[in-house]
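Here is the structure we will look at.
The values are calculated or read from the model by the stated rules, or taken from the named source; none is laboratory data. Being a predicted model, the structure only gives us computed values, none of them experimental. Counting neighbours? That spans all protein chains shown, and the Cβs are built from the backbone with ideal geometry, glycine included. Note: accessible area is taken over every heavy atom of the protein model, side chains too, but ligands, DNA and RNA are not part of it. Shrake-Rupley method; radii C 1.70, N 1.55, O 1.52, S 1.80 Å.
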Amino acid sequence: EDGRPTEKTLTVAAASRLALLLEQIVPNALLSARVRASKPVVVERVTYFRNAKGGMASMGIPTQQ
């Protein structure tokens, strides 16, 4: 939210998935996320609404490096 980057390095095995709870890394902050990978990956943002009564998912947008 204040513009300072926070970096986190993770390893994900092939043909698997990882759920990352950003609130545990950067609590109580407005933020964006950038994912860099050495192999092709699919990134999505999933949001669940209060009491798990709904949710949504959106795909990440590829960028050129």
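Give me the pairs: first residue in region 22-43 and over 13 Å from Leu10 (Cβ atoms), second residue open to solvent by less than 100 Å² (accessible area, probe 1.4 Å) and of a type in the set (S, T, N, Q), beta-carbon distance under 8 Å, and six or more apart or on different chains, which are they? Going by the 8 Å Cβ cut-off, the qualifying pairs are Val26/Thr6. Only one entry in Ala33, Ala15 is modelled with pLDDT under 85 and either assigned to a helix (DSSP H, G or I) or not β-branched (Val, Ile, Thr) (or both), namely Ala33. For region 13-65, taking the residues that are among the polar types (S, T, N, Q) and open to solvent by 100 Å² or more (accessible area, probe 1.4 Å), the one that is nearest to Gly3 (Cα to Cα) is identified as Ser32.
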